[in-house]
Amino acid sequence: MPVFVPASLFTDHAVLCRGKEIRLFGDAPDGDVITAVLTDAGGAELARDSAPARQGRFMLRLAPQAAQTGCALTFSDGQDTLQYRDIALGDVYLAGGQSNMELELQNADEGQALIPVHGNPLVRYFNVPKCPRPGPETEEANRRARWHAVAPGWAKDMSAVAYFFAMKLQRKIDVPVGIIDCYWGGTSVTCWMDEEALARTAEGQRYMREYDEKWAGKTMEEYLREEGAFFSGLDEWAKKADQLKKDHPEYSTKEINAIIGPCPPWNPPVGEGSPFRPHGLYHTMLERIMPATLTGVLFYQGEEDTWRTRRYDLLLTSFIQRLREVFWDEELPFLNVQLPMWIDAAAESDSKTWPLLRLAQQTVARQVKRSDLAVLLDQGEFDNIHPTNKRVVGERLCGCALRTVYGLSAPESPAAVGKYTENGVLHVLLSAPVQDRGTGEFLMEIAGEDGVFHPSDVSLQGAELRLSCPQAPHPVQARYAWTDYAIVRLFGDNGLPLAPFWLK
């Protein structure tokens with residue numbers, strides 16, 4: 001066996017990024033010179049590079065290439081040779097986040113019907129192994145990781161959001177599309193940031209400090225016992241709930257809880273080995289694919305941070321900046337998913353934390369270059385934090401990519417772009433006209449100089465909203481959808497929901 005080992009990201013069926021420098025890396029003894037050669041479908045050489053390994057790693061760079069398929073990638077240390085076939089050159093996206101990005105195709109609407117029959121050799125995916133902490137299991141899992149193409153019987157373990165994104169995008173741009181899945185349910189954005197990125201903001205420092213204080217003095221053995229007990233309880237409840245849903249699909253969550261008891265609260269134990277610790281998964285998962293050449297990043301996360309911070313915008317901005325540094329691309333496109341509507345049936349009141357985080361996501365999308373936001377205000381479900389209609393999410397992300405990455409036109413949610421007050425009426429100017437679907441709530445509020453918001457009467461005038469109410473005779477502020485959960489009724493002519501806003 002060769003003593004050098006390319007990263008498992010470089011295997012048969014891999015997708016390498018077109019139009020940019022291609023970075024190849026792996027492990028090798030110090031001083032050993034590693035050579036990589038990329039050849040086309042006819043065997044002609046496209047690019048090569050050689051470099052000595054340093055500190056146990058090799059890094060090679062190949063010249064940018066055009067989109068194509070049927071290529072081969074060969075590595076050699078002068079004595080041993082490894083060759084990988086069916087290599088494609090196309091667009092490569094990192095799909096990250098927590099459980100709504102993690103939700104697999106097999107568990108999504110349409111998934112069970114698609115998996116046996118779908119096929120697109122130009123859409124491929126690579127699952128970064130879910131590894132909470134370093135160790136032999138982590139190393140073995142990464143050695144086994146491989147690329148797969150979408151084919152009958154395959155892709156059941158692919159992110160459903162990323163699947164629908166890639167399938168639509170591939171048809172639009174007609175080049176291979178590769179997805180690198182790297183996510184973990186229940187994670188904060190801080191789990192995917194290293195210590196340097198976290199230290200850049202007071203919020204990041206607070207997350208690290210508070211977490212460290214909670215597990216100080218706890219041994220790994222103690223943590224592992226707590227982890228086992230916690231997840232055993234969750235698994236036992238989930239099995240009972242799944243069986244009850246199978247036997248009685250008409251039962252609501254409330255009825256299921258009445259029979260088997262409520263789901264144990266999401267409160268995983270803290271410890272040095274937890275996947276939910278700040279900067280943990282950055283080292284055990286994200287680092288495994290750095291600094292691969294990427295076309296862009298897809299991100300669906302935020303639920304875990306709604307109750308933990310009022311400055312998610314600072315954390316998210318620092319995260320994006322760090323991604324661009326570690327993937328060596330200062331303009332790496334970042335395509336984010338705005339949180340939809342949701343509330344727990346057991347909630348005693350509307351926490352107002354989800355709208356705050358939605359606006360933080362919107363602020364980042366507007367302030368950070370080459371970023372975009374898929375609006376999902378119409379896609380949430382009461383008492384279900386994991387809606388299974390992921391086609392809508394993936395295809396709206398595809399619209400973001402078409403606009404931000406490729407400079408093409410794509411439907412976009414109407415958004416508030418300005419305001420003025422005249423004769424006791426607050427006029428909100430929109431980027432496009434909206435229509436009233438007639439069911440749901442208007443969710444418009446206005447406030448005067450005192451800052452106290454009141455529900456507003458709404459008059460639609462094309463691309464303008466006219467808002468008024470007796471309690472705010474001189475309105476100066478307007479906000480829309482300032483709630484964790486409600487059914488919205490305002491949509492653009494293109495069928496996309498009006499984006500939430502707060503105009504101060």
For ALA202 and GLU331, compute 0.36 nm times the residue count separating them, minus their Cα-Cα distance, and round to one decimal in nm.
43.9 nm
What number, in percent, do you get for the relative contact order of region 416-503 if the mean sequence gap of Cα pairs under 8 Å and at least 6 apart is divided by its residue count?
35 percent
Can you pull the three principal axis extents for the Cα set of region 1-82, in Å, largest first?
34, 23, 20
Sticking with the crude label model, points 7 Å out along Cα→Cβ, report the distance from SER349 to LYS369 in nm, one decimal please.
4.4 nm
Between region 461-481 and region 49-96, how many Å separate their Cα centres?
57 Å
How fast does the chain diffuse by Stokes-Einstein, in µm²/s, taking the Kirkwood radius from C-alpha pairs at 20 °C and 1.002 mPa s?
87 µm²/s
Distance (nanometres) between label positions extended 7 Å along Cα→Cβ at TRP266 and ALA216:
2.8 nm
Can you pull the three principal axis extents for the Cα set of region 1-159, in Å, largest first?
51, 41, 27
Putting +1 on Lys and Arg Cβ atoms and -1 on Asp and Glu Cβ atoms, find which of LEU339, HIS13, PHE453 reaches farthest to the positive end of the dipole of the chain.
HIS13
Check the straight Cα-Cα distances from LYS214 and name the aspartates and glutamates below 12 Å, setting aside those fewer than 8 residues away within the same chain.
GLU272
Euclidean distance of C-alpha centroids, region 19-35 and region 304-366, integer Å
35 Å
Could you name the lysines in cross-link range of LYS419, using Cα to Cα under 28 Å and dropping any fewer than eight places away on the same chain?
LYS352, LYS369, LYS504
Would you mind calculating the relative contact order of the chain from Cα pairs under 8 angstrom and at least 6 residues apart, reporting the percent as a whole number?
13 percent
How much of the calculated P(r) for region 319-448 lies past 21 Å, in percent of all Cα pairs?
54 percent
Subtracting the Cα-Cα distance from 0.36 nm times the residue separation, let me have the gained length for ASP30 to ASP247 in nm, one decimal.
72.2 nm
Can you list the lysines whose alpha carbon sits under 22 Å from that of LYS172, skipping same-chain ones fewer than 8 residues off?
LYS20, LYS390
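What do the square roots of 5 times the Cα gyration tensor eigenvalues come to for region 72-145, in whole Å, largest first, as semi-axes of the equivalent ellipsoid?
On the way: eigenvalues 162, 89, 26 Å².
Semi-axis lengths for region 72-145 are 28, 21, 11 Å.
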In what sequence, highest mean first, do 191-202, 150-161, 70-81 appear when ranked by Cβ atoms within 10 angstrom?
150-161, 191-202, 70-81
Kirkwood hydrodynamic radius, computed over distinct alpha-carbon pairs, for region 165-319: how many Å, to one decimal?
18.5 Å
Order these peptides, 304-312, 210-218, by their mean beta-carbon neighbour count within 10 angstrom, highest first.
304-312, 210-218
For labels at VAL5 and GLU21 in the simple 7 Å Cα→Cβ model, what's the distance in nm?
2.7 nm
Classify region 89-200: rounded, prolate or oblate, from the alpha-carbon gyration tensor (a ≥ b ≥ c, eigenvalue square roots; a/c under 1.5 rounded; otherwise prolate if a/b is larger than b/c)?
prolate
Tell me, in nm to one decimal, what length is gained between ALA113 and THR81 on full extension, where the rule is 0.36 nm per residue of separation less the Cα-Cα distance?
7.4 nm
Can you give the Rg to Rh ratio for region 416-503, taking only C-alpha atoms and Rh from Kirkwood?
0.94
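Diagonalise the Cα gyration tensor of region 375-443 and give the resulting equivalent ellipsoid semi-axes, square root of 5 times each eigenvalue, largest first, whole Å.
Equivalent-ellipsoid dimensions as semi-axes: 27, 21, 9 Å.
Every number here is computed from the coordinates shown, using simple stated rules; none is lab data. Nothing here was measured: the structure is a model prediction, and the numbers come from that model. Positions of Cβ are backbone-derived with ideal geometry, glycine not excepted, and every protein chain shown enters the neighbour counts.
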